[in-house]
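The values are calculated or read from the model by the stated rules, or taken from the named source; none is laboratory data. Keep in mind it's a predicted model, so treat the numbers as computed, not measured. So basically every Cβ, Gly included, is an ideal-geometry build from the backbone, and we count neighbours across all protein chains shown. Note: areas computed on protein heavy atoms with side chains; ligands, DNA, RNA excluded. Shrake-Rupley method; radii C 1.70, N 1.55, O 1.52, S 1.80 Å.
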Amino acid sequence: MNPQIPDGLRELLALAAGAGQAPWRTLLRPGDWLLLLCCAALVAASYPLLWRGGVADRAIVKRDGRLVTELALNVARKYEVTGAIGTTVIEVQPGRARVLSDPGPRQYCVQQGWLSRANAVAICAPNHVTLQLAGRGGAHADYDTINY
């Protein structure tokens, strides 16, 4: 048994495959390629200029939304914060900070690891403790999809 394709379907498949039409790349002229290349170079050059965070110089620790302390990021130290379900330990090294330990069940804030950019945040929700880095980058140093 030899399967046969109806004529109407054959024409529809040929049209979908682009039979008899030039590929889109052949329609571009040298000036079009130059413009595409310049646009790609502009995007590549703007990435490191626009999507970098500011330099962090202090860590802000809050419990229940209230400021507990501000720690300078130029001296190594550990700081303990008593939260709703236990004690959260914050470790500061020169230029970075992290949540070293937390009594929360899923350890999301510990898994954040080292924070080093301004406006980076680690939230220990079960314990009601947050660690945020602040610095010279200003309040809107990082860009994300919300800006678009």
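If you go through region 65-88 and pick out every residue that is among the hydrophobic types (A, V, I, L, M, F, W, C) and under 25 Å from the mean Cα position of the chain (by Cα), you end up with 3.
Assess whether Gln93 counts as being open to solvent by 60 Å² or more (accessible area, probe 1.4 Å), modelled with pLDDT of 90 or more and of a type in the set (S, T, N, Q). It is false that Gln93 is open to solvent by 60 Å² or more (accessible area, probe 1.4 Å), modelled with pLDDT of 90 or more and of a type in the set (S, T, N, Q). Can you name the condition, by its number, that Gly31 falls short on among (1) modelled with pLDDT of 90 or more; (2) open to solvent by less than 90 Å² (accessible area, probe 1.4 Å); (3) closer than 30 Å to Val89 by Cα; (4) not aromatic (Phe, Trp, Tyr)? Tallying (1) modelled with pLDDT of 90 or more; (2) open to solvent by less than 90 Å² (accessible area, probe 1.4 Å); (3) closer than 30 Å to Val89 by Cα; (4) not aromatic (Phe, Trp, Tyr), Gly31 fails exactly one: (3).
Cβ separations smaller than 6 Å between residues 6+ apart or across chains give the following pairs from region 76-90 residues that are under 18 Å from Arg106 (Cα atoms) and β-branched (Val, Ile, Thr) to residues that are part of a loop (DSSP other than H, G, I, E, B) and open to solvent by less than 60 Å² (accessible area, probe 1.4 Å): Ile85/Pro103; Thr88/Asp102.
Specify the residue that is least open to solvent (accessible area, probe 1.4 Å); the eligible residues are those in region 39-72 that are part of a loop (DSSP other than H, G, I, E, B) and more than 15 Å from Val121 (Cβ to Cβ). Write out each step before concluding.
Taking region 39-72 and keeping what is part of a loop (DSSP other than H, G, I, E, B), we get 51-54, 64-65.
Adding the requirement that they be more than 15 Å from Val121 (Cβ to Cβ) leaves 51-52, 64.
Working: Trp51: 89, Arg52: 141, Asp64: 73 Å².
Among those residues, the one meeting the criterion is Asp64.
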